[in-house]
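The values are calculated or read from the model by the stated rules, or taken from the named source; none is laboratory data. It should be emphasised that the depicted structure is a prediction, and the values quoted were computed from it without experimental measurement. Every residue, glycine among them, receives a Cβ derived from its backbone with ideal geometry; neighbour counts consider all protein chains shown. For accessibility, only protein heavy atoms count, side chains too; no ligands or nucleic acids. Shrake-Rupley method; radii C 1.70, N 1.55, O 1.52, S 1.80 Å.
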Amino acid sequence: MTRYTGLIERYRSRLPVSADTRIISLGEGNTPLIQLQNIPKLIGKDVTIYVKFEGLNPTGSFKDRGMTMAVTKAVEAGSQAIICASTGNTSAAAAAYAVRAGIKAFVLIPEGKIALGKLAQTLMYDAKIIQINGNFDKGMALVKEVAELAPVTIVNSINPFRIEGQKTAAFEIVDELGFAPDFHCLPVGNAGNITAYWKGYKEYATERVCGNRPVMCGYQAAGAAPFVAGHAIENPETLATAIRIGNPQSWDLAWAVQKESGGWFDKFSDEQILAAQKMLSQFEGVFCEPASATSLAGALHDISTGKIPEGSTIVCTLTGNGIKDPEIAMKQCADTQPVTIEADLDAVKRAILDVL
Ligand code: AN7
């Protein structure tokens, strides 16, 4: 038994590192692929659905896969500081890996529009947080401009090393199943992740590690769905703040994924997204953040219409942990608040018998 020390070590031969590279890792990757047991029965369809629970990465999202690679390469190149714009998860990951590397992280976030847990962890990791009166897209534009003037490495997914790290999620799925799924469903914001998964599946298929490649399904929030509109959205809005993005950075790459894989983009309302989030928690014991549940909302919709046919094997990526957004979780459960009773045995007994 060798100790698991992160995805760069595991997939070293498929990643741009040399024997001398100092690896910056927090043991990311190797996340569970959980087969849904109750939801397929509930919808009465003969489908096999797995969720790749990326919320179990060290900072609670899939961003850690990209960040271990991006920060490793930034340090290798001698960079002393990294910078990103973020809807929350990238900033948390950048901050953590920067600490690990002993360099500085600057993060630009839209004021008031990132989930509480993400803000808390980014503060704890001691990043320099710059809040802007503007959305992610504005922040991203500013980051690109400032990186021309200041000695900082951009670690958003326009950094190609981010995609390299994130493609390992596809490797893990194939290594575990022995084949690629028929359909792979993802929430789409900047579209870095859908691009990364496709790259991973393609590399494995080319090398005949697997014989098939999945159809890639990219799902967006209705108020922030540029891939469905066919153009950038000026003022994106959604409660799923992680994907509150109107001007995706991997625009062309994601359209190539759609075409090459025979996939599609679609959009779902905040109500549908929140319903999927609650369903996963209540019926499967898997608590993901709202944006992540967009993948399941889309899969369930496309299964119901037959676009994803019965007999299919489907993987939905759950990109982030539900604990990141406690405020939405509490709102989701407004009708099921805890009961408060006297601290005596009879009262506890009554409270239990009330439910049973
Ligand atoms: C939970 O943190 O863009 O399509 O700045 O946090 O690869 O952008 C987050 C994106 C999906 C979308 N789910 O992924 C950021 C940021 C969660 C996310 C996405 C994000 P991409």
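A few notes on this one:
- Of all residue pairs spaced 6 or more apart or on separate chains, those with beta-carbon atoms under 7 Å, a first member in region 256-267 that is farther than 18 Å from ALA229 by Cβ and a second member that is open to solvent by 50 Å² or more (accessible area, probe 1.4 Å) are SER261/ARG213.
- Qualifying residue in region 310-320 (condition: within 16 Å of the ligand (Cβ to nearest atom), in contact with a Leu (Cβ under 9 Å, 6 or more places away or on another chain) and polar (S, T, N, Q)): yes
- Search result, residues across region 102-115 that are open to solvent by less than 10 Å² (accessible area, probe 1.4 Å) and either without any contact (Cβ under 8 Å) to a residue 40 or more places away in the chain or under 22 Å from ILE8 (Cβ atoms) (or both): ALA105, VAL107, ILE109
- Counting the residues of region 101-131 that are more than 13 Å from the ligand (Cβ to nearest atom), among the hydrophobic types (A, V, I, L, M, F, W, C) and under 20 Å from ASN190 (Cα atoms) gives 1.
- Candidates ALA98, ALA74, filtered to the one that is more than 14 Å from the ligand (Cβ to nearest atom), free of Cβ contacts under 8 Å to residues at least 40 places away in the same chain and crowded, with 21+ Cβ neighbours inside 10 Å: ALA98
Here's the yes/no breakdown for (1) open to solvent by less than 30 Å² (accessible area, probe 1.4 Å); (2) at pLDDT 95 or above; (3) assigned to a loop (DSSP other than H, G, I, E, B):
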residue	(1), (2), (3)
TYR4	no, yes, yes
SER13	no, yes, no
PRO16	no, yes, yes
ALA19	no, yes, yes
ILE24	yes, yes, yes
ASN30	no, yes, yes
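- Residues of region 28-71 that are in contact (Cβ under 8 Å) with a residue 40 or more places away in the chain, within 30 Å of ALA105 (Cβ to Cβ) and of a type in the set (S, T, N, Q): ASN30, THR31, THR59, SER61, THR68.
- Residues that are crowded, with 20+ Cβ neighbours inside 10 Å, in a loop (DSSP other than H, G, I, E, B) and among the aliphatic types (A, V, I, L, M), drawn from region 206-232: ALA225
- Complete set of residues in region 32-54 that are within 30 Å of THR153 (Cβ to Cβ) and surrounded by fewer than 24 Cβ atoms within 10 Å (Cβ to Cβ): PHE53
- GLN249 being near the ligand (Cβ under 10 Å from one of its atoms), under 17 Å from the mean Cα position of the chain (by Cα) and open to solvent by 40 Å² or more (accessible area, probe 1.4 Å): yes
- Residue match in region 47-70 (condition: closer than 21 Å to ALA150 by Cβ, of a type in the set (Ser, Thr, Tyr) and within 15 Å of the ligand (Cβ to nearest atom)): no
- Residues of region 296-307 that are open to solvent by less than 10 Å² (accessible area, probe 1.4 Å), out of contact with any helix residue (DSSP H, G or I) (no Cβ under 8 Å at 6 or more places or on another chain) and either of a type in the set (Ser, Thr, Tyr) or away from the ligand (no atom under 16 Å from the Cβ) (or both): ASP302 alone.
- From the options GLU289, GLU310, residue that is in contact (Cβ under 8 Å) with a residue 40 or more places away in the chain, touching a Lys or Arg at 6+ places or on another chain (Cβ under 9 Å) and open to solvent by 10 Å² or more (accessible area, probe 1.4 Å): GLU310
- Where ARG350 falls short, out of the listed (1) open to solvent by 100 Å² or more (accessible area, probe 1.4 Å); (2) in contact with an Asp or Glu (Cβ under 6 Å, 6 or more places away or on another chain): (2)
- Among (1) among the small types (Gly, Ala, Ser); (2) without any contact (Cβ under 8 Å) to a residue 12 or more places away in the chain; (3) on the phi < 0 side of the Ramachandran plot, the one test that ALA225 misses: (2)
- Filtering region 169-196 to residues that are more than 13 Å from LEU33 (Cβ to Cβ) and either touching a Cys at 6+ places or on another chain (Cβ under 9 Å) or open to solvent by less than 20 Å² (accessible area, probe 1.4 Å) (or both) leaves PHE183, CYS185, LEU186, PRO187, VAL188, GLY189, ALA191, GLY192, ASN193, ILE194, THR195, ALA196.
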